[in-house]
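The values are calculated or read from the model by the stated rules, or taken from the named source; none is laboratory data. What you are looking at is a predicted structure, and each value in this text was computed from that prediction instead of being measured. We work out accessible area using only protein heavy atoms, side chains counted, and drop any ligands, DNA or RNA first. Shrake-Rupley method; radii C 1.70, N 1.55, O 1.52, S 1.80 Å.
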Amino acid sequence: MNKFRIQFTRKAAKQLDKIPDSEAKKILSVITNLANDPRPIGCKKLKGRNGYRIRKGNYRIIYEIFESRLVIDIITIGHRRDVYR
């Protein structure tokens with residue numbers, strides 16, 4: 001299986017910068033693992049919008065998969081209480 005390329009939206013990059021470093025390292029490890037397996041155990045297809053969601057502690061990572069271009073686009077990273085708004 002080919003490896004996917006990870007892209008961050010400007011919004012997601014800013015959100016990741018605001019997260020404490022200890023949590024951000026854990027989130028980045030989950031994101032880098034998406035390059036090998038874009039639909040890992042525990043990911044969910046979102047209803048009402050395109051994309052998938054993966055959890056890491058109290059944080060959620062919303063992303064889209066573009067199979068034809070082998071790209072994963074990280075859309076939003078945030079705390080579970082307000083990531084879906």
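Could you work out what % of the accessible surface of the chain is carbon and sulfur, using a 1.4 angstrom probe and leaving DNA, RNA and ligands out of the count? Spell out each step's value before the answer.
Values: 2690 of 5760 Å².
The value for the chain is 47 percent carbon and sulfur by accessible area.
If you roll a 1.4 Å probe over the heavy atoms of the protein chains, what accessible area per residue do you get for the chain, in Å²? Write out the running numbers ahead of the final one.
Details: 5760 Å² over 85 residues.
With the other protein chains kept in place, the chain gives 68 Å² per residue.
Which far-off residues, 5 or more places away or on another chain, put their amide H under 5 Å from the one on LEU46, with H placed in the peptide plane?
HN-HN under 5 Å from LEU46: GLY51, TYR52, ARG53.
Using 0.36 nm per residue of separation minus the Cα-Cα distance, give me the extension gain between LEU28 and ASN2 in nm, one decimal. Spell out each step's value before the answer.
On the way: separation 26, 0.36 × 26 = 9.36 nm, distance 2.01 nm.
Result: 7.4 nm gained on full extension.
Tell me, what is the 1.4 Å probe accessible area of ARG49, in Å² to the nearest 10?
The value for ARG49 is about 90 Å².
Where does the chain land at 222 nm, in deg cm²/dmol rounded to the nearest 500, when only DSSP H runs of n ≥ 4 count, each adding -39500 (n - 2.57), divided by all residues? Please list the in-between numbers first.
Numbers: 2 runs with 23 residues, N = 85.
Calculated mean residue ellipticity at 222 nm is -8500 deg cm²/dmol.
Report the full-extension gain for the segment LEU70 to ARG55: residue separation times 0.36 nm, less the Cα-Cα distance, to one decimal in nm. Intermediate values should be presented prior to the final figure.
On the way: separation 15, 0.36 × 15 = 5.40 nm, distance 2.19 nm.
Going from the current span to full extension adds 3.2 nm.
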